[in-house]
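Contents: one structure, followed by commentary.
Values in this text are rule-based calculations from the coordinates and carry no lab data. Keep in mind that this is a model prediction, so the values were computed, not measured. Positions of Cβ are generated from backbone atoms using ideal geometry, with glycine treated the same way; all protein chains shown enter the neighbour counts.
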Amino acid sequence: MINQKKYSIIINVKKKNSKFGRGVRMEVNYNQAFEVLKKYNKDEFHLKHAQIVSGVMRYFAKEYDSEREEFWAVVGLLHDIDFELYPEEHCVKAVELLKENNFDDDIIHGVTCHAYGICEGIEAKPEHIMEKILFATDELTGLIGAVAIMRPSKTVADLELKSVKKKFKTPKFAAGCSRDTIRKGAERLGWELDELIQRTIDAMKSLVGTMEI
């Protein structure tokens, strides 16, 4: 879990252009976003997945956009906000839910574009590095997690690239984790598939000690 005290700032909106050029910029907050997430998600699996993806996004933000670390984490946290209640309207219903809770256009675009080319009705395209990383790592975190729990340690702490690659090539293993989407994600980033997998493993390893993973 994220340190509750460290991130206790209340969300507020600033009347200035956002970094992504989509309008009003919002000072986002993990704790407030997590409370919103829990309004629509009760399943522990979904909540844990959201936290893992959020942690992975925070990890990459440190390298690519350190001033917007919290923003990356919030987008990762909320990326499946509508999936538990509205799986058939995934990332379409999210727009409505996020607007109802006063999240701005940058967050909405960041959340919905991870379903670009996957879910019907999604026109938002991954453009920024943050959006491309979310697209690439969402499914992959599920695959990596599935590989980890099959090991004696049941953790990513000692997980190696070769173990994930072996299961990646086994379509029936964690079949819900789209290999095609993961490959496309690597291509969007201009990374080799092995690089994407290894870096995502490293990102998930950074969460060991803060949550069961």
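P(r) for the range 128-213: what percent of alpha-carbon pairs falls in each 10 Å bin, starting at zero?
Final binned percentages: 18, 54, 26, 2.
Over all directions, the average projected area of the alpha-carbon convex hull for the range 54-122 comes to how many nm²?
It is 4.7 nm².
Kindly provide log₁₀ I(q)/I(0) values, in the same order as q = 0.12, 0.18 Å⁻¹, from the Debye equation applied to equal alpha-carbon scatterers of the range 20-205.
The Cα Debye sum returns log10 ratios of -0.53, -1.24.
How many angstrom lie between the Cα centre of the range 66-87 and the Cα centre of the range 153-213?
19
With a Förster radius of 30 Å, plug the Cβ-Cβ distance of Val208 and Lys38 into 1/(1 + (r/R0)^6) and report the FRET value to the nearest 0.05.
0.80
Check the straight Cα-Cα distances from Lys42 and name the aspartates and glutamates below 16 Å, setting aside those fewer than 8 residues away within the same chain.
Asp80, Asp82, Glu84
Give the total of Lys-Lys pairs in the range 69-197 with Cα-Cα distances below 25 Å; include a pair only if its members are 8 or more places apart or on different chains.
Total qualifying Lys-Lys pairs in the range 69-197 comes to 25.
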